[in-house]
Amino acid sequence: MKVAVIGSGVMGPGIAQVFMTGGHEVALQDISEKALGEGAESIRKSIALMHEKGILENGEEKYMPLLSVTTSLGQAVEGSRLVVEAVPERPDIKQALFSELDRLCPEDAVIVSNTSSLPLPEIFPDFRPGKFFVCHFFNPPPIIPLVELVISGRTDKGAVDWLKGELVRCGKKPIVVKGFVLGFLVNRLQTAMAREALHLINRGIVGPEDVDTAVTAAIGFKSAWQGMFDTMDYIGLDTVAMAYGVIFPDLCNDTGVPPEVTEKVREGHLGVKSGRGFFNYEGGRAAEVMEKRQALLLDQLKLWKKHMT
């Protein structure tokens, strides 16, 4: 099967790698030759590293021949059974692209968007109704197993089932979100937890370092293999009901962005990319943090593949 990935920015190359290592021919398209060159190189390095760590049985010599790069949208989508849109999160850019895709793509092609929050089939209801829906990968796409498929009542169930099967064969763990809610599933869960964490920091109950320790050493430690509802069953729903009855009324329900975030944005402290956020990444520490993150995620992926698939 040929897959076209449109956009060689933050997510596109990783999405392309997912389908390449699943054995598919992939055309990566972007208007920038520089972005395409950088994207192809990032794929090559990622495949080499995953092979070195024993996650991929084969290396770049097997998978890189499956990749082609082009600035031509028509060339990328020609003969493609699946088209994945991964361009910037601007409706005007997406609208212009969808108009071209409607003209260029085969009638039976499934077209999906990697948007992280926009209800695109509702914004563009006349674009390929039935075979256009959201396919949301998480960064980095070759490592994080989950993919959110967000559908509407007009979505062709056969197209969704087909894509789920293809994603599973590529080593992914797809879920279906039946209806468009802001942030879909994962970002809503993460935002709810972050709101409470920021609220407790604001009250002086705990600091950012201890919040992160609590997440990695308790919540995340168990959540890697035991989900929320599994955990509730394990605890006992009578105990859960008692605890929630006490805690729920005291949880933060603010609807504005907390000042702990907005003040840092005003000061230009944006996190890793600026050198400072809640923590300090200056003096080369940003590169160290990113390298460590990738190494830890790859180690975690090996455990996932061993125990959870």
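Just so you know, all these numbers are worked out from the coordinates, no wet-lab data involved. Note that the coordinates shown come from a computational prediction; the quantities given were computed from them, not determined experimentally. Ideal geometry is used to build each Cβ from the backbone, glycine not excepted, and the neighbour counts take in all protein chains shown.
Per-structure values
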{"quantity": "Residue order, fewest to most beta carbons within 10 Å, for 234, 281, 244", "calculated": "234, 244, 281"}
{"quantity": "Listed peptides 170-179, 294-303 by packing density, highest first (mean Cβ within 10 Å)", "calculated": "170-179, 294-303"}
{"quantity": "Residue-by-residue Karplus 3J(HN,Hα) for segment 243-252, coefficients 6.51, -1.76, 1.60, Hz, glycine and proline x", "calculated": "5, 5, x, 7, 7, 3, x, 9, 6, 5"}
{"quantity": "³J(HN,Hα) computed for each position of segment 36-44 - Karplus, 6.51 cos²θ - 1.76 cosθ + 1.60, integer Hz, glycine/proline x", "calculated": "5, x, 5, x, 5, 5, 5, 5, 4"}
{"quantity": "Residue 146 long-range amide H proximity, modeled H, under 5 Å", "calculated": "173"}
{"quantity": "Neighbour-count ranking [beta-carbon atoms within 10 angstrom, fewest first] of 304, 225", "calculated": "225, 304"}
{"quantity": "Interchain or long-range residues, amide H under 5 Å from residue 28's placed H", "calculated": "5, 68, 69, 70"}
{"quantity": "Paramagnetic label zone (point 7 Å from Cα along Cα-to-C-beta, residue 265; backbone N under 19 Å) in segment 199-213", "calculated": "199-202"}
{"quantity": "The chain - Rg (one decimal) and Dmax (whole number), Cα, Å", "calculated": "21.0, 60"}
{"quantity": "From phi via Karplus (6.51, -1.76, 1.60), per-residue ³J(HN,Hα) for segment 102-116 in Hz, x at Gly/Pro", "calculated": "4, 6, 9, 7, x, 4, 8, 5, 8, 10, 10, 10, 8, 3, 9"}
{"quantity": "Extension gain, residue 252 back to residue 225 (0.36 nm per residue minus Cα-Cα distance, nm)", "calculated": "7.0 nm"}
{"quantity": "FRET efficiency for residue 81 and residue 203, using Cβ-Cβ distance with R0 set to 41 Å, rounded to 0.05", "calculated": "0.20"}
{"quantity": "Residues 135, 252, sorted so that the one with the fewest Cβ neighbours within 10 Å comes first", "calculated": "252, 135"}
{"quantity": "Computed over segment 169-228, Kirkwood Rh from alpha-carbon pairs, angstrom", "calculated": "13.7"}
{"quantity": "Sparse-neighbourhood loop sites, GluC sites (Glu not before Pro) in segment 38-128 - DSSP loop, at most 16 other Cβ within 10 angstrom", "calculated": "57, 78, 89, 107"}
{"quantity": "In range of the label at residue 64: residues from segment 19-57 whose backbone nitrogen is under 15 Å from the point 7 Å along Cα→Cβ", "calculated": "21, 37-52"}
